[in-house]
Amino acid sequence: MVAIKVKPLQDDLPFGARIIGVTREALGDQAIRRQINEVFDAQGMIVFEDVEPTSKMQVMLSEVFGPLKDHPVKIVARLDQDTMPGVITITADPNGCIVEIDGKQLVTWQPWHFDHSYNNELNRAGVLRAETIAPEGGLTGFADGIQIYKDMSPKLREKIQKCDIIYTLDLRYSQQQFGLPKNFREIRPKSDKLLEIAKTFARAVHPAVWTRKTGEKVLHMSPYGARGIEGMENPEGDALLHEVWDEIERTIRPYHHHWKPTDMLIWDNWRMLHQACGCDPKHDRVMHRTTIKGDYGLGRWENGAKVAEAAPTMT
């Protein structure tokens, strides 16, 4: 009889799980597929250990959670659109964007965020696996919006409760107002190609707090790409978002994943924040990612813009 083993992600965290025993045979069992989905809904993220390290297995596992969605930005590298549609490749490019934190240079670093905040729809989840692992660095961080909401100041919760936040695809670090480390410096900026695509997008709007079907409230602010509070794009609104992010940093209880080739990891994009911790530009690092289609139904384009007008490069 096929079976899987489920255990906590980490004993001191209120979110996350580890699952061992996922094979192609196991994924053919409908009861196991339901069990995996139930764990995911309850825990927000899963680390699958000792999994067959292939893109085909990544696609099979991803489809347990729903159909795959192509990335909305066309310049993002694909693994093989013909044989593995929906699998993108993230490579540590020494000629790409380089930042410096605490005097250490890093590539593929990204601050805390949720994916596709610049879109009116939020994909359901992302699935990652590592093909080439840097000998140091290269961790991926995750934090739970339910935990953050519960632990933050009740007074601040009340202030942000009904606020909607405006986001943009212009992700140049020179334009980021919130969430960058105080000891941050950009050595080599992002490609201008992204800025050209960003000009074709309307701005997106998402609630700072939303309520799950379970009744749990989620604090869901992505400092990366945030431009301000709708109706409060002024010093008062910016001060509130700075206050909220300072509180998030005070209360956050993150998990940072050290990768193995046989790991695959899924996180709930409607609930979790994540960050790419980056690695030294001299190291090779290659990740493959799939995106699970879906939407929580609360995002929208600013001023009622239509998708076709806002994002002509989207699929």
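List of remarks:
- Start at zero, step by 5 Å, and the Cα-Cα distances of the stretch 142-254 spread as 2, 11, 20, 22, 19, 14, 8, 3, 1 percent across the bins.
- Based on DSSP H segments of at least four residues, each scored -39500 (n - 2.57), the chain has a per-residue ellipticity at 222 nm of -6000 deg cm²/dmol.
- Within the straight-line cut-off of under 12 Å between alpha carbons, the aspartates and glutamates reachable from Lys69 are Glu121, Asp295, sequence neighbours fewer than 8 places apart in one chain being disregarded.
- Unit Cα scatterers, Debye sum, the stretch 133-176: log10 I(q)/I(0) for q = 0.20, 0.24 Å⁻¹: -0.93, -0.95
- When only the Cβ of Lys, Arg, Asp and Glu is charged (+1, +1, -1, -1), the dipole of the chain relative to its Cα centre reaches about 300 debye.
- Space enclosed by the convex hull of the alpha-carbon atoms of the stretch 191-240, per residue, Å³: 130 Å³
- Alpha carbon centroid spacing (whole Å) that separates the stretch 1-49 from the stretch 234-280: 22 Å
- Distant-in-sequence amide contacts of Val87, defined by a placed amide H-H separation under 5 Å and a gap of 5 or more residues or a different chain, comprise Leu79, Asp80.
- Segment Asp246-Ser191, length gained on full extension (0.36 nm per residue, minus Cα span): 16.9 nm
- Each residue was assigned an accessible area with a 1.4 Å probe, and for Ile146 the value is about 10 Å².
- Residue separation of Glu236 and His256 scaled by 0.36 nm, minus their Cα-Cα distance, works out to 3.9 nm of gained length.
- Among the listed pairs Lys213/Lys293; Lys7/Lys293; Lys193/Lys293; Lys190/Lys260, a Cα-Cα separation exceeding 22 Å is found for Lys7/Lys293; Lys193/Lys293; Lys190/Lys260.
- With the whole protein complex present, Lys260 retains an accessible surface near 90 Å², based on a 1.4 Å probe.
- Relative intensity, log₁₀ I(q)/I(0), of the chain from a Debye sum that treats every alpha carbon as a point, q = 0.07, 0.13, 0.14, 0.15 Å⁻¹: -0.26, -0.99, -1.16, -1.35
- Each residue of the stretch 284-289 was assigned a 3J(HN,Hα) from its phi angle through the Karplus curve 6.51 cos²θ - 1.76 cosθ + 1.60 (θ = phi - 60°); the sequence is 7, 8, 10, 10, 10, 9 Hz, with glycine and proline shown as x.
- Pair Val286, Leu298: separation of 7 Å Cα→Cβ label points (nm): 3.9 nm
- Fraction of accessible area attributable to carbon and sulfur, the chain (%, probe 1.4 Å): 50 percent
- The residues of the stretch 237-308 present an accessible area of 41 Å² per residue when probed at 1.4 Å with all protein chains retained.
- Rounded accessible area of Leu122 (nearest 10 Å², 1.4 Å probe): 0 Å²
- Among 181-193, 262-274, 242-254, 197-209, the order from most to least packed when residues are scored by Cβ within 10 Å on average: 262-274, 197-209, 242-254, 181-193
- Solvent exposure ordering (accessible area, 1.4 Å, most first) of Thr132, Thr290: Thr132, Thr290
- Computed over the stretch 237-306, Kirkwood Rh from alpha-carbon pairs, angstrom: 16.4 Å
- From most to least packed by mean Cβ count within 10 Å, the peptides 222-232, 149-159 give 222-232, 149-159.
The values are calculated or read from the model by the stated rules, or taken from the named source; none is laboratory data. Values in this document were obtained by computation on a predicted structure and should not be read as measured data. Positions of Cβ are backbone-derived with ideal geometry, glycine not excepted, and every protein chain shown enters the neighbour counts. Quick note on the areas: whole protein, heavy atoms, side chains included, nothing else; ligands and nucleic acids left out. Shrake-Rupley method; radii C 1.70, N 1.55, O 1.52, S 1.80 Å.
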